Amino acid sequence: MSWEDARRYVAWLSRVTGKPYRLLTEAEYEYVTRAGTQTAYPWGDDIGKNNANCNGCGSIWDNRVLAPVTAFAPNPFGLYGMLGNAWAWMADCWHPDYVDAPADGSAWMKGGDCSKHVIRGGAWNNVPIFIRSASRNGATDDGGEYDYSSLSGFRVARDLP
């Protein structure tokens with residue numbers, strides 16, 4: 001799935017529901033993925049076994065195929081599948097670091113490479129270091145350079161009044 005596919009979906013969802021849906025910002029994604037923890041993964045500092053789907057996560061799906069979203073325990077916020085399985089597109093343009101990032105958690109759209117967008121969470125074929133809560137990457141909007149389009153999805157956020 002491309003970034004543009006994800007963006008079009010949330011625009012469609014907003015239109016049909018009359019509610020303001022959007023892609024998560026990078027800051028929001030890290031916040032809900034960490035779920036109050038300060039470790040490499042929401043379950044601790046070691047990858048462990050059967051906590052996620054990646055190349056070396058110790059699950060039956062490792063480095064083969066997508067796992068069901070609820071295949072692993074939820075994080076402390078009750079969210080499933082935040083790490084591994086598939087990269088998640090963020091609203092933010094790609095910046096190689098956080099220098100001058102917005103302090104309010106909003107999408108960072110200025111001053112970066114907006115031909116790329118941030119992806120977070122890692123995929124089923126990544127080694128454990130790429131699925132850490134802090135792991136991030138930038139991908140062209142079609143996901144092409146590393147075939148991210150076949151390894152990516154997205155999360156939907158809704159702004160509340």
Failed item, numbered, when Trp12 is tested on (1) in a helix (DSSP H, G or I); (2) surrounded by 16 or more Cβ atoms within 10 Å (Cβ to Cβ); (3) of a type in the set (A, V, I, L, M, F, W, C):
(2)
Sole miss for Trp87 among (1) in contact with a strand residue (DSSP E or B) (Cβ under 6 Å, 6 or more places away or on another chain); (2) surrounded by fewer than 21 Cβ atoms within 10 Å (Cβ to Cβ) is condition (2)
Checking the condition loosely packed, with under 13 Cβ neighbours inside 10 Å, in contact with a Pro (Cβ under 8 Å, 6 or more places away or on another chain) and modelled with pLDDT of 95 or more, which residue from Pro68, Pro42, Pro76 passes?
Pro76
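The values are calculated or read from the model by the stated rules, or taken from the named source; none is laboratory data. The structure presented is a predicted model; accordingly, all values stated were derived computationally and were not measured. Cβ coordinates were reconstructed from backbone atoms using ideal geometry, including for glycine residues, and neighbour counts include every protein chain displayed.
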